[in-house]
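> Below is one structure. I have some questions about it.
Coordinate-derived values only; no laboratory data. The structure displayed is predicted, hence computed values, not measured ones. Note that each Cβ is placed from the backbone with ideal geometry, even for glycine, and that neighbours are counted across all protein chains shown.
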Amino acid sequence: MRKVVREIPAPPDLGTEVIGIPEGSDLQLDLRLEAVMEGVLVSGTVRGRATGECVRCLDDVEQDVVAQVQELYVYPGRGPAGDDDEDDLRELQDELIDLEPAVRDAVVPALPFQPVCSPDCPGLCSECGQRLADDPGHTHDRSDPRWAALANLAGPDPADAPEQHR
């Protein structure tokens, strides 16, 4: 068994459309490599800092990401017998391990599906696009001008009439 702690630069496209770990930023690998009958079992954690945009208000979002990695790298031709998932096995290449696919498979699902800048982010106004957190009392007149002629036929609104005393 061998324990490895190392910082490596993040590979390109480590994330989704709205959030990901920027290419070249630091990824900390804290891994344990164990020799097993079939090959080498790699397990541990990957840590990084993801950046993206809030899906509600489009502000910048930064979030620490910790993902668990566990992957078996088999010696060529020594995979588990009777395993139907042979395509899912990763093989050692000239006694080297390519960790990038395993890191990607662990980190991308650990990213938030819909990142937000805060849990109570109100987002943007659907009519004008103004950020609602900047103006909590933001409203729009919701009267439809196509119905204005019908409102005149109904007469004055009783709520607008002055109060009468008896």
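> Go over the candidates Val74, Val18 one by one and state the one that is touching a strand residue (DSSP E or B) at 6+ places or on another chain (Cβ under 6 Å) and within 16 Å of Leu92 (Cβ to Cβ).
Val74
> When you scan region 1-82 for strands (runs of 3 or more DSSP E) that lie fully inside it, which ones turn up with 1 or more residues that are surrounded by 17 or more Cβ atoms within 10 Å (Cβ to Cβ)?
Details: elements: 2-9, 19-21, 26-35, 39-53, 60-74.
The qualifying strands (runs of 3 or more DSSP E) are 19-21, 26-35, 39-53, 60-74.
> While we're looking at this one, here's another question. Filter region 103-117 for residues that are closer than 16 Å to Ile8 by Cα and hydrophobic (A, V, I, L, M, F, W, C); which is surrounded by the fewest Cβ atoms within 10 Å (Cβ to Cβ)?
Per the stated criteria, the residue is Ala106.
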